[in-house]
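Here, each number is a calculation from the coordinates, and none is a lab measurement. This structure is a prediction, so every number in the text was calculated from the model and none was measured. Note: ideal-geometry Cβ built from the backbone for every residue, glycine included; neighbour counts use all protein chains shown.
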């Protein structure tokens with residue numbers, strides 16, 4: 001254990017005693033689900049008391065959510081307030097581009113749960129059940145652009161065409177009326193976005209984030225172009241996160257009550273138990289899904305991605321579209337069976353992702369001279385990005401690109417069928433996906449492509465047109481609440497029938513015809 005500098009500011013989440021009587025931090029991951037998450041909420045009066053007490057003790061209260069209070073303070077404030085010691089150690093992590101290294105993690109000897117402080121022996125015992133110290137999360141993308149002339153995709157056309165979104169657009173489904181939120185590094189008003197007239201809302205700052213007009217890294221700006229390529233008429237909002245409080249930023253997104261939330265980041269969680277801060281994020285995800293929000297997350301680039309492996313999100317994997325139009329699994333994207341959530345496999349379905357060593361595949365707009373723009377400038381691909389260090393363009397992908405692509409498709413489906421749930425969206429995406437039978441996912445996670453669903457690509461490459469048409473079909477011909485067994489692809493919108501005209505057998509036959517299934 002290394003000594004911690006007392007002046008260092010730590011970010012955390014304080015959990016007020018849960019109304020269900022069970023602490024958020026003693027719950028098994030499968031106990032924090034949309035059906036049960038309300039038991040981990042707290043009484044408003046007790047939460048208000050906790051906020052006052054925290055502020056009086058020197059904490060900066062950054063956010064108050066139904067399950068936790070986001071706080072920040074120097075190390076000595078934590079030690080004094082909660083009667084504990086804060087320790088520091090270097091722990092192995094997987095960062096961007098699958099880089100295995102170490103990062104600084106903080107802990108308290110008061111519990112055996114990593115990152116958890118027990119306030120039981122402090123003046124906070126009557127109001128708090130635990131305090132979770134945050135750990136950093138990392139982008140699921142890379143920074144290196146291919147040289148001019150290398151096979152790569154350009155936005156919006158190549159991404160839209162590769163996901164078969166153009167046909168959905170011509171059928172009238174562009175995401176209009178749908179609010180999509182991304183939680184990421186920020187958003188810069190690049191001339192690319194201005195020229196295309198996208199509907200962009202002001203940036204919302206998550207706890208610890210600043211400078212809403214800038215995206216110092218570039219990741220959020222670039223990846224947002226993937227979502228807008230698929231769903232150009234959504235109302236789009238970026239929640240800028242500080243990456244010291246992913247749960248707080250996610251909670252800020254939930255508070256906007258959007259239709260869809262897209263997350264292109266996470267941590268590497270190969271085995272349980274979950275850290276305390278992962279439980280905080282799990283509760284935020286479960287609460288979003290309980291509210292009817294569709295949550296799409298990156299599965300990882302060699303990571304055992306969390307929250308991507310949470311059972312209640314749509315997990316995005318990767319498929320590489322080759323110059324001849326053929327498909328293979330991306331060996332840059334993760335594919336695995338979760339050891340934290342038994343029975344959960346990642347991904348559910350895939351977007352367009354590049355290959356090793358860096359996944360450089362999609363040319364994306366970024367803020368000029370920011371980290372991604374300058375980080376790989378000059379030199380020869382794949383070691384460097386043969387663009388200028390100030391031109392505001394770079395090529396990167398990873399499942400960071402796949403998640404907003406899938407989120408864009410969900411926006412098209414939601415426009416087509418306003419009653420669409422997350423479970424519906426996942427089932428339709430899987431039902432209509434293009435099967436990918438070649439290649440394998442990232443070697444660190446395993447997963448080999450084959451006929452039918454597999455660990456390399458899930459159900460395969462998402463097909464925006466077929467997914468949107470099936471969502472529309474179900475909205476038009478099925479009574480509300482009628483389920484159809486999850487089934488896989490083009491439809492002419494003019495063939496959709498009026499409500500109540502089909503029996504279930506007739507509906508199934510019509511769906512099979514829409515998807516090109518023969519018996």
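How long are the three semi-axes of the equivalent ellipsoid of the chain, in whole Å, if each is the root of 5 times an eigenvalue of the C-alpha gyration tensor, listed from largest down?
Each semi-axis is the square root of five times an eigenvalue, giving 37, 27, 20 Å.
Between residue 194 and residue 104, what FRET efficiency comes out of the Förster formula 1/(1 + (r/R0)^6) with R0 = 41 Å and r the beta carbon distance, rounded to 0.05?
Computed FRET efficiency for residue 104 and residue 194 comes out at 0.60.
Per-residue ellipticity at 222 nm for the chain, helices alone: DSSP H runs ≥ 4 residues times -39500 (n - 2.57), over residue total, nearest 500 deg cm²/dmol?
Taken over the chain, the calculation gives -8000 deg cm²/dmol.
If you find the alpha carbon centre of the stretch 156-226 and of the stretch 320-376, how far apart are they in angstrom?
18 Å
Using Cα pairs closer than 8 Å and at least 6 residues apart in sequence, work out the relative contact order for the stretch 139-468, in percent.
Values: 983 pairs, mean separation 81.7, N = 330.
Worked out over the stretch 139-468, it gives 25 percent.
Roughly what would the spin-label model give for residue 270 and residue 55, points 7 Å off Cα along C-beta, in nm?
Rounded to a tenth, the inter-label distance reads 4.5 nm.
Considering Cα pairs under 8 angstrom that are at least six residues apart, work out the relative contact order of the stretch 159-278 and quote it in whole percent.
Values: 195 pairs, mean separation 45.2, N = 120.
Relative contact order for the stretch 159-278 comes out at 38 percent.
If I histogram all Cα-Cα distances within the stretch 9-135 using bins 10 Å wide from 0, what percent of pairs lands in each bin?
P(r) over the stretch 9-135, rounded to whole percents: 13, 43, 32, 12, 1.
Determine, for 151, 265, 187, the number of other Cβ atoms within 10 Å of each Cβ, and report the residues in order from fewest to most.
Final ranking by Cβ density, sparse to dense: 151, 187, 265.
Rounded to the nearest 5, what % of the DSSP beta bridges within the chain are antiparallel ones?
Roughly 60 percent of the beta bridges in the chain run antiparallel, per DSSP.
Obtain the nm distance between the two label points defined at residue 216 and residue 257 by a simple spin-label model: each point lies 7 Å from its Cα along the Cα-to-C-beta direction.
Calculated label separation equals 3.4 nm.
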